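Notes to accompany the following structure.
The values are calculated or read from the model by the stated rules, or taken from the named source; none is laboratory data. Small disclaimer: the values here were computed from a predicted structure and weren't measured. Note: ideal-geometry Cβ built from the backbone for every residue, glycine included; neighbour counts use all protein chains shown. We work out accessible area using only protein heavy atoms, side chains counted, and drop any ligands, DNA or RNA first. Shrake-Rupley method; radii C 1.70, N 1.55, O 1.52, S 1.80 Å.
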Amino acid sequence: MKMYAMVEITKGWDTWNKMAEEMNPEMESEGMKFIFKGCEMDEKRIHLIIEVESMEKAKEFSIRPDIVARRVEAGAVVESTVMMPLKD
């Protein structure tokens with residue numbers, strides 16, 4: 001299943017993307033993989049397409065305290081996160 005996600009960021013694309021790349025092994029171990037990552041031209045919002053085994057696992061991963069802390073450190077405004085399942 002694929003999922004669309006949107007998140008506001010405060011520290012720019014490079015900072016957020018570095019964190020996301022470093023998180024790849026953990027995501028893959030949870031059955032998730034980035035298909036697309038991009039940001040708006042003003043670097044205030046990112047847009048993602050992620051392959052996920054299930055929305056439940058993706059939601060659980062996104063609220064793990066260690067993951068939330070890393071996202072916040074990279075400038076993600078976690079409360080702005082939108083996650084939407086996509087029909088193939």
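Structural remarks
- Accessible area of the chain belonging to carbon and sulfur atoms, whole % at 1.4 Å probe: 56
- Computed from point charges on the beta carbon alone (+1 for Lys and Arg, -1 for Asp and Glu), the dipole magnitude for the chain about its Cα centre is near 160 Debye.
- Ranking 85, 50, 19 by Cα position along the charge dipole of the chain, where only Lys, Arg, Asp and Glu carry charges on their C-beta atoms, puts 85 farthest toward the positive end.
- In sequence order, the stretch 71-85 has phi-based couplings of 5, 4, 4, 8, x, 6, 8, 4, 6, 8, 4, 10, 10, 9, x Hz under the Karplus curve 6.51 cos²θ - 1.76 cosθ + 1.60, θ = phi - 60°, and Gly or Pro positions carry x.
- Dividing the mean sequence gap of close Cα pairs (under 8 Å, 6+ apart) by how many residues the chain holds gives a relative contact order of 50 percent.
- Close Lys pairs in the chain, defined as Cα atoms under 22 Å apart and 8 or more places apart or on different chains, number 19.
- Computed from phi, the 3J(HN,Hα) profile of the stretch 24-40 under the Karplus parametrisation 6.51, -1.76, 1.60 (θ = phi - 60°) reads 3, x, 5, 4, 4, 5, 9, x, 10, 8, 5, 9, 8, 9, x, 10, 6 Hz, with x in place of Gly and Pro.
- Listed values for the stretch 45-53 are Karplus-derived 3J(HN,Hα) couplings in whole Hz (6.51 cos²θ - 1.76 cosθ + 1.60, θ = phi - 60°), namely 8, 9, 10, 9, 10, 10, 7, 9, 5, and x replaces Gly and Pro.
- Cα pair distances in the chain, grouped into 5 Å bins until the bin that holds the longest one, percent each: 3, 15, 27, 30, 19, 6, 1
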